[in-house]
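**Student:** Supplied in structure tokens, the structure appears directly below.
The values are calculated or read from the model by the stated rules, or taken from the named source; none is laboratory data. Note that the structure is predicted; figures quoted are calculated from it, not measured. Don't worry about glycine lacking a Cβ; one is built from the backbone with ideal geometry, like all the others, and counts go over all protein chains shown.
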Amino acid sequence: MIFKRKVAFLSALKTKARLLLLGPILFVSLFLAGNYWRGKSAGAQTAGYIGGYVFPVSAKWGEKVDFHLSTNASRVKIEIFRQGVVQEKVAVVDEVKGTYFPCHHSEVGCFFPKVYSLTLDSRFRPGLYLAKFINKDAPLEEDLAYFVVKPDQPGSLSKIAVVLPLNTWEVHNFRDGRKVYPSPYEPGYEDRARTASFLRPWADICSNLELGYPIGGPAYIWWLESQGYFPEYLTDIDLDKNPAILSNYRVGISLAHHEYWSWRMRDAVENYLNNGGNFLFLSGNVSWWQVRYDDDYSLIRVYKLKEEDPYYLDSDKNNDRQVTVNWYDDPVYRPETLMSGTGWFYGGFWEPGPQSYDPDPLHPPGFKVYRTADPEWSWVFKDTGLKDGDRIGTAMFQSMVENDGTIFTLNSQGLPVPAETEKTKTPGNFTILGISNPTRSGSRYGHSVMGIRKTASGGIVFTGSQEYFSAGLTSRDPAIEKIILNLLAKLAPGELKEKVSLPYTAGGLKVIEFEPSLSSSAFDFQLESAACSLNSGHDSYWVWVLPENISDSGSFYYSLGSESGWFNLKSSTSNPWSVLTDSATGFAREFHLQKERTYRFNFSPRTATTGIKKILLTNTQYFYPSRFGFAANNQTVINLPSWTENAVQPVLVNLNPAADSYMESWNPTTNYGSQTYLRVKNDNVDKSLLNFDLNFLSGAKINRAFLKLYLLQNTNNVLVNVGAASLSKNWLEKEVNWQQAKSGLLWSTPGAAGAADYQSGSINLFNQQKIQAIGQWYYFEVTNQIKSFLENPAGFQGFLLLPVGQNSASTVLSFASREYPTAAYRPVLEINYLPNSAPVSPSLTPTPTVFFSPTPTLGPTLTPTPTPVLASPTPTATATPTTAPGTGECLPESTSGRLYFQDGSTLISPPLVWEADFGQNFSLSKAGRLEEIKIKVKNYGGGQKTAGVAITTSANKKLENNLPSPLVWQGTITIPCCYYEGWVSVNLSQNNIVLNSLTDYFVWLKDNSGYHAIAWSKGSLEIRGWNCSGDELLPTATPTIAPTPTATPTPLSSGCLPSSTLEKAAAYEIGKNPNTLPDVWETGFRRLILPSFSGRGGQIKLSLHNWGNGGKTINYAITESNAEIVNGNLTAVVATGSLYLNGGYDGWVEVNLPSETLLEAREYLLWVKGQNTYRGAAWNCNTIPSSSGLFQLYLYRCQ
């Protein structure tokens, strides 16, 4: 649900383990062998981009999994590992051939070529697998992907089914695209993805907490198998495909962060429970959002707002139950509490540190347990030694984690029992076993509630209600471990196999194990990098020794790298392992071993009676299992054969238009088919048309398609929502205008606005974009429209660009047309498709990426205008085209990495407007394409904040029209709530921002969410992205578009022709806080406005505070100064409207005035009221300085 910080655990062994070292008895020599990097030296390595994924993500024996790859590396090896107690290398494909397929907006799928297909068999034990794609010429360059293996018959190897939360993993993936966050009504939520695709690479599995230690799925796998339980593994998809699959098992287990569920998943679990099945929810934030799959299970749909979901918008009420909103919400009404007994709505976040709302802030975090001696449920606590009131699970509560709860009260015995069950829908027999200290979400408070119940059919449902439940297992919390073992012993008798002996009681994960032979005391091992190393290329390890005889107290001498010493065995029946210790301190000795190096371990016991059975290497911190891909010399690995299957491979084409033009209502008979730009005006005065030659696609299967447009100009720097609709009527480039599609064929409604002209229903969430910043590309997803062309070629006549929704501020957008002299900026239709052609063999020659423009067949052949002119009907000025600083062509030279880092001094509270003091300069050593900006900030307030961020290029920081200039990019960044201090980032991977190496750039920051809310902290700036191959310097000049006269509209009756510049027109009103807004107009909630000049249209900024957690609607009105309230309504209204206030928000909000609003330089009244939100929000001036007041007025000055 949110981005979570890593959990920091204190290793008991690092602080407490003290073992005595006895005198020297045996000699062990462990030295660095070779000290080399595999492959070529670092300086000679061939850089290469690698992105890979495996699909399907879950398959059983006898089925195939396909490996897909995009790379510019010439040779790639695939290694396959199984996640368990140790990451076991299972198979290797020595070499595959790939090709580079760029992918943006990966949330709809990348559709990379297939480079290998593997038919699974019993050599691949059921489990979670990791595929590692490795550049053979540069082994440190690699990519990782997960998939799941199942036996051919479910339940044949184990009666325990672990359900891996694959949906939640994927929706948090943002590699080369977007996540489905922020959630609705959080800052920036409009730009979130509405889909998540399994056909894309993973975003750094190593640091993805959903996938790794200490809280993700592999942590549970590590613990379960170390305890002797070897379950079968299912995924969310398996439950949706076959809801009856759980009937093959005695116990089902939900893991970790299990937030996103489909309707059929809920059916699968609830029907299983109703039929007597047992289920353990060792997870949190369970079933919070509903999702849907596309038919092939490659795509998840999650709109989060019913108003956006096609299932809600269509006329079919039968599918309303699958609308992708919260499970408790309209129109689904299936709360998660019905299944698990608890829900996030009644839990929320646990916040570290003493909190003011915690009545007992000094007690340690964790669950306070109840009913330890209850006759019905005491077996759950068997052999734990717990009594009522004890606390367990402290390790789960080490960071801001998500918890599920329910409403409860204390009965006459002082025991918690569910309350208000009609409201919560928690089953009445849900028995509470543990309650955490308070949690909260905004102003709503709750608890994490651990509980259990018996279904009517006799099944048991246990609920851990904690997202980090695995932390209680990996930290070896004895009470948590024993509770889960008791549950498994009771519900899955006979499933316990041989327990894997773990030497440690806290800290560390098993890495690699050796079994010395009797004939040799020497063996070699190598730490292979998985591109996930912390600590600058080396990690810290402990060495453990298991003697043949646990009563042996002999000793030996050891040496590892440059370290050596004598060591005394100290085993016991409870823990037969001994850890190598430092002779000076008695603490466990840490060995810092580097990746890609080979080490040799030699030893010789003091006496012949001392025998060593095993030696174990573990890492000293909670690293993720994917950090390690270790291989010992004696490891058995399947060498998979070369792939010889013939397959049709995807083709990627970039098409330029065969025809394009725009049309203008002010000049209805003028044709603009030869212009170098395409116009869209916010009020539908200008619309643009594009068509492409698509006949070559006949018989093809369309994977994805994007219309890409480059913005040259935005006259007033105003955000406009633009859609790419499908045209239905045939038109000609040199004849089309506002009235006609071509000579002799009129539009049914001028401006192609009629039902016979364009398909209004073709506009959706994916083919519209919010357009503002110039000098960058905008992407419209048009996959369905290209598919519709193949179904009915005559019914698709290209695209109509038009404004969508409310775009009140006046501006004209100008995109480069196909006649634009710089070819790199002309419109592009990018299509990824499977051709209807004979298959090729990728084992011999990889399918090439194809970039071409078929010969246009629509309209006459044109010669591009050599001198671009951006003008109205009578152009009089000429533009000088050059390359934009943020958009040069860049072929990625290597995988993403740090391009710039600045450890600067603290810049205290950023202002509410752009100020030069808050621009921080940087430069790149080589041209690069930006992927991410990271800024270190501190949140002084308790709520989530939004900050404005901008990049400019200039020799000196300057402002023009209250904006940083010259602007390369502008956006926002979200800062977590609750006094967060640390790094925040903004994803720029979709913006194609390319910066050169000889220009100074500046990153700016301003506070959008309230005065003194945040600070730009020390260690402040990091730029990440790809270096560009080729020259060190890309062109840097911004495309210059000379100002040209525009068509002059008829002045309005007022005689006011507004300027194009927004100016501040009113003084600030200072006064006492009017407190809670009323639900009706009241004179106490009005303020005098006296504009300093006359103007039309503009903007009002109001300082407001939302007391509650939910969003509020606020109404405003501007009236004449003599206005009155008559029958609850205002008289003499000049302008009115509404705005939306997010939950807990405190600060400035902006609302655009209708463009026809005319305010003269005289007195008016500004009114504010709530709307069904009594005591919900206030007109606020308590938290801002007196110089800022309650409102600001900006107008377009009358000329």
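**Student:** Output the strands (runs of 3 or more DSSP E) that fall wholly within segment 141-197 and possess 2 or more residues being assigned by TED's automatic domain parsing to the domain that holds Glu107 and farther than 19 Å from Tyr297 by Cβ, or say none.
**Tutor:** So the answer is 142-150.
**Student:** Would it be correct to say that Val380 is among the β-branched types (Val, Ile, Thr) and not in a loop (DSSP other than H, G, I, E, B)?
**Tutor:** For Val380, the condition - among the β-branched types (Val, Ile, Thr) and not in a loop (DSSP other than H, G, I, E, B) - is met.
**Student:** Ser283 passes all but one of (1) of a type in the set (S, T, N, Q); (2) assigned by TED's automatic domain parsing to the domain that holds Gly347; (3) out of contact with any His (no Cβ under 9 Å at 6 or more places or on another chain); which number fails?
**Tutor:** (3)
**Student:** Does Thr670 satisfy being in a loop (DSSP other than H, G, I, E, B) and either under 27 Å from Gly1098 (Cα atoms) or not assigned by TED's automatic domain parsing to the domain that holds Gly751 (or both)?
**Tutor:** For Thr670, the condition - in a loop (DSSP other than H, G, I, E, B) and either under 27 Å from Gly1098 (Cα atoms) or not assigned by TED's automatic domain parsing to the domain that holds Gly751 (or both) - is not met.
**Student:** Which of the numbered conditions does Val369 fail, given that it passes all the others? Conditions: (1) at pLDDT 95 or above; (2) over 26 Å from Leu473 (Cα atoms).
**Tutor:** Exception for Val369: condition (2).
**Student:** Show me the helices (runs of 4 or more DSSP H) entirely contained within segment 411-503 in which 2 or more residues are surrounded by fewer than 21 Cβ atoms within 10 Å (Cβ to Cβ) and either touching a helix residue (DSSP H, G or I) at 6+ places or on another chain (Cβ under 7 Å) or free of Cβ contacts under 8 Å to residues at least 60 places away in the same chain (or both).
**Tutor:** Hits in segment 411-503: 421-424, 478-491.
**Student:** How many of the residues in segment 91-114 are of a type in the set (A, V, I, L, M, F, W, C) and assigned to a strand (DSSP E or B)?
**Tutor:** Residues meeting the conditions: 4.
**Student:** Let me ask you something else. Say whether the condition of being outside the structural domain of Ser443 (by TED's automatic domain parsing), within 30 Å of Tyr49 (Cβ to Cβ), among the hydroxyl-bearing types (Ser, Thr, Tyr) and modelled with pLDDT of 75 or more is met by at least one residue in segment 1018-1040.
**Tutor:** yes
**Student:** Looking only at segment 296-342, which residues are within 23 Å of Trp169 (Cβ to Cβ) and assigned to a helix (DSSP H, G or I)?
**Tutor:** Once the filter is applied, which keeps residues that are within 23 Å of Trp169 (Cβ to Cβ) and assigned to a helix (DSSP H, G or I), segment 296-342 yields Gln322, Met339, Ser340.
**Student:** Let me ask something else. Does segment 973-992 hold any residues that are surrounded by fewer than 16 Cβ atoms within 10 Å (Cβ to Cβ) and either modelled with pLDDT of 75 or more or closer than 21 Å to Phe901 by Cα (or both), and which are they?
**Tutor:** Within segment 973-992, Glu981, Gly982, Trp983, Ser985 meet the criteria.
**Student:** Another question, then. Does Arg440 meet the test of being in the same structural domain as Tyr249 (by TED's automatic domain parsing) and at pLDDT below 90?
**Tutor:** The answer is yes for Arg440.
**Student:** Moving on to the next point. Yes or no: Thr644 farther than 30 Å from Ser1155 by Cα and in a loop (DSSP other than H, G, I, E, B)?
**Tutor:** Spelling it out, Thr644 is indeed farther than 30 Å from Ser1155 by Cα and in a loop (DSSP other than H, G, I, E, B).
**Student:** For residues that are modelled with pLDDT of 80 or more, in contact with a Leu (Cβ under 9 Å, 6 or more places away or on another chain) and of a type in the set (A, V, I, L, M), scanning just segment 608-652, find the one that is nearest to Tyr146 (Cα to Cα).
**Tutor:** My answer is Leu640.
**Student:** Which of the numbered conditions does Asn1122 fail, given that it passes all the others? Conditions: (1) farther than 30 Å from Arg440 by Cα; (2) in a loop (DSSP other than H, G, I, E, B); (3) modelled with pLDDT under 80.
**Tutor:** Status for Asn1122: all satisfied but (3).
**Student:** Oh, and also: Considering only residues of segment 993-1011 that are closer than 30 Å to Gln944 by Cα and modelled with pLDDT under 75, which is surrounded by the fewest Cβ atoms within 10 Å (Cβ to Cβ)?
**Tutor:** Tyr1011
**Student:** Could you go through segment 753-762 and let me know if any residue there is among the polar types (S, T, N, Q), within 39 Å of the chain's Cα centre (by Cα), buried (at least 16 other Cβ atoms within 10 Å of the Cβ) and outside any loop (DSSP other than H, G, I, E, B).
**Tutor:** yes
**Student:** Separate question: Exactly one condition in (1) buried (at least 22 other Cβ atoms within 10 Å of the Cβ); (2) modelled with pLDDT of 95 or more; (3) assigned to a loop (DSSP other than H, G, I, E, B) is false for Ile774; which is it?
**Tutor:** The number of the failed condition is (2).
**Student:** Next question, about the same structure. Spot the failing condition for Ser1138; the list is (1) under 30 Å from Ser1059 (Cα atoms); (2) among the polar types (S, T, N, Q); (3) outside any strand (DSSP E or B); (4) at pLDDT below 80, and only one is missed.
**Tutor:** Failing condition for Ser1138: (3).
**Student:** Let me confirm something: among Val369, Val380, Val323, which residue is crowded, with 19+ Cβ neighbours inside 10 Å and within 24 Å of the chain's Cα centre (by Cα)?
**Tutor:** Just a single option satisfies the conditions, and that option is Val323.
**Student:** Among the residues of segment 112-121, is any polar (S, T, N, Q), without any contact (Cβ under 8 Å) to a residue 60 or more places away in the chain and not assigned by TED's automatic domain parsing to the domain that holds Glu232?
**Tutor:** Looking for residues that are polar (S, T, N, Q), without any contact (Cβ under 8 Å) to a residue 60 or more places away in the chain and not assigned by TED's automatic domain parsing to the domain that holds Glu232, one finds at least one in segment 112-121, hence yes.
**Student:** Given the criteria surrounded by 15 or more Cβ atoms within 10 Å (Cβ to Cβ) and modelled with pLDDT of 80 or more, does Ala1117 qualify?
**Tutor:** yes
**Student:** Another question, then. How about segment 758-808: which of its residues are without any contact (Cβ under 8 Å) to a residue 40 or more places away in the chain and in contact with a strand residue (DSSP E or B) (Cβ under 6 Å, 6 or more places away or on another chain)?
**Tutor:** If the condition is that a residue be without any contact (Cβ under 8 Å) to a residue 40 or more places away in the chain and in contact with a strand residue (DSSP E or B) (Cβ under 6 Å, 6 or more places away or on another chain), then Gln759, Ser762 are the ones that fit.
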